[in-house]
Every structure is written in C-alpha cells, then in structure tokens.
1. Pull up region 1-31, narrow it to residues that are assigned to a strand (DSSP E or B) and surrounded by 13 or more Cβ atoms within 10 Å (Cβ to Cβ), then point me to the one that is modelled with the lowest pLDDT.
2. So for region 145-155 (the condition being surrounded by fewer than 21 Cβ atoms within 10 Å (Cβ to Cβ), in the same structural domain as residue 33 (by TED's automatic domain parsing) and in a strand (DSSP E or B)), does at least one residue qualify?
3. Pick from 168, 202, 225, 206: which is within 13 Å of residue 52 (Cβ to Cβ) and without any contact (Cβ under 8 Å) to a residue 40 or more places away in the chain?
4. Are any residues in region 106-145 out of contact with any strand residue (DSSP E or B) (no Cβ under 7 Å at 6 or more places or on another chain) and modelled with pLDDT of 90 or more, and if so, which ones?
5. Just give me the residues in region 205-227 being over 23 Å from the mean Cα position of the chain (by Cα), in a loop (DSSP other than H, G, I, E, B) and loosely packed, with under 14 Cβ neighbours inside 10 Å, in sequence order.
6. Being under 16 Å from the mean Cα position of the chain (by Cα), more than 9 Å from residue 174 (Cα to Cα) and not in a loop (DSSP other than H, G, I, E, B) is the filter here, so list the residues in region 32-49 that pass it.
7. So, in region 181-199, of the ones that are in a strand (DSSP E or B) and buried (at least 23 other Cβ atoms within 10 Å of the Cβ), which residue ends up modelled with the lowest pLDDT?
8. Which pairs turn up if I take residues in region 73-89 that are at positive phi and touching a residue at least 40 places away in the same chain (Cβ under 8 Å) and look for partners that are surrounded by 20 or more Cβ atoms within 10 Å (Cβ to Cβ) and in a strand (DSSP E or B) with beta carbon separation below 8 Å, at least 6 apart in sequence or on another chain?
C-alpha cells in the first residue's frame with residue numbers, strides 16, 4: 001500500500017511508524033507533512049533507537065593504505081578507484097557513502113560519493129583531482145550519508161544529527177526519524193526557550209546549548225520536562 005502526503009503530492013511506500021527489515025525508500029529521502037513536520041528515512045545502526053532519542057550519522061571508516069587509479073564507473077564514465085590493500089569491506093556496503101582524502105595528505109580532499117565497492121576497492125562517482133601514489137601516506141575516510149543513523153554520543157555538542165526517534169527503530173532496520181517541527185526529545189533537564197544540542201550526559205539525549213558558538217543547535221525547547229524525560233522541542237535539523 002502506498003501513502004500520499006498532501007503537501008508535496010509524493011507517494012511513499014511506508015508508514016511513518018515503519019520498522020522495515022529491508023529498505024522501502026531511498027536512504028535520506030525527506031517526507032514532509034502539511035503541519036510542517038518533516039522526517040528522514042534512515043537505516044539504524046549500532047543499536048535500537050527509541051522515542052525521543054537523538055541520532056547522528058553512522059561512524060566513519062578509516063582508509064589507511066590508499067592508492068588510486070583510473071577506472072570505469074557503473075555508467076561507463078571514467079572515474080577513480082581507490083584501493084586499500086589492508087581493507088576487508090563487505091562488497092557494496094558503502095554504496096551511497098562518501099570518500100574523503102584527509103586534509104593533511106597530498107590527494108584531493110573533495111568529498112566524492114561511492115558508487116560501488118569490493119573488499120579492497122572503492123569506485124568513486126567522479127575522478128579525484130590529485131592521484132594518490134604512496135600507499136600508507138594518502139589516508140582517507142569513508143563517511144556515512146545522513147540516511148545511515150547511529151545513536152548520538154554523550155557529551156558531544158558538535159556532532160552532526162540525522163534525526164530524532166519517533167518510535168522504536170531496530171538495529172539494521174529502516175524507518176523514519178524526525179528532523180523538523182514539534183517533537184518529544186529525551187534530554188538532561190532542558191529549559192523552556194533555550195537552544196537544544198545533541199550530547200547530553202547519556203547517549204541519545206539532548207542538552208541545553210552553552211555560549212559556545214560551535215555547538216550544533218538542533219531546535220528550541222518549547223516546554224521542558226524533567227531529566228531523562230520527553231521534552232517538547234521545535235526541531236530545526238537541516239535537511
């Protein structure tokens with residue numbers, strides 16, 4: 001059965017309460033309701049998310065012995081293939097993720113989407129600017145898109161946030177996290193009218209922002225509850 005939203009006239013394959021064992025939507029797709037609330041479709045990793053829990057991006061994966069060569073992408077275009085002979089990746093596990101050469105190295109630092117991978121190679125969407133020629137020198141990272149979620153770490157107010165749980169979402173299952181509009185958020189004694197950040201004293205909880213301008217504000221508290229309880233927050237997480 002398909003579900004049609006009234007604002008964008010878009011057909012979705014899942015209910016907002018979905019907890020799917022297989023993907024029914026494109027990861028990261030945004031679903032918006034007529035009251036302004038918006039939701040992101042994700043794969044939950046690293047544990048089960050619950051109602052009100054703050055979730056961040058999936059973990060980064062180190063590429064420690066990288067070299068590059070020209071290759072052919074799935075669409076036939078010339079692109080770059082990154083090889084890490086130390087890797088033991090699951091084939092195609094990182095399709096839709098991004099490869100970044102670390103800033104301190106000699107290669108291009110442009111984040112480039114991964115379109116295929118084997119146990120030791122990453123096929124990129126386009127060619128990198130500067131070839132990686134010295135294995136063990138040009139290290140990089142594989143970075144998860146916003147459609148891969150992980151319970152937010154405690155005491156980290158600057159971590160990126162993919163969304164807030166609207167119900168139980170099982171590890172390695174697929175479903176929706178809320179990114180905008182009124183929502184209940186688990187927090188460390190939030191205060192009405194104050195900006196809210198990830199990184200409370202417990203994993204998955206929010207905390208009031210301090211005066212540090214580098215913190216990641218994800219919303220504003222509308223009505224506060226007690227510690228470890230659901231607080232009423234207007235979410236403003238970027239799409």
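The values are calculated or read from the model by the stated rules, or taken from the named source; none is laboratory data. All values derive from a computational prediction rather than experimental measurement. For neighbour counting, all protein chains shown are included, and Cβ atoms are generated from backbone atoms with ideal geometry for every residue, glycine included.
1. Selected residue: 3.
2. no
3. Numbers: 168 fails: without any contact (Cβ under 8 Å) to a residue 40 or more places away in the chain; 202 fails: without any contact (Cβ under 8 Å) to a residue 40 or more places away in the chain; 206 fails: without any contact (Cβ under 8 Å) to a residue 40 or more places away in the chain.
Result of the check over 168, 202, 225, 206: 225.
4. Matches in region 106-145: 118, 119.
5. Hits for region 205-227 are 210, 211, 212, 226.
6. Going residue by residue through region 32-49, those that are under 16 Å from the mean Cα position of the chain (by Cα) are 38-49.
Next, from what is left, pick out any that are more than 9 Å from residue 174 (Cα to Cα): 38-40, 45-49.
Result: 38, 39, 40, 45, 49.
7. Within region 181-199, the first condition is being in a strand (DSSP E or B), and the residues that meet it are 181-187, 195-198.
Retained after the next criterion (residues that are buried (at least 23 other Cβ atoms within 10 Å of the Cβ)): 183, 185-187, 196-198.
Values: 183: 97, 185: 96, 186: 96, 187: 92, 196: 96, 197: 95, 198: 95.
Per the stated criteria, the residue is 187.
8. none
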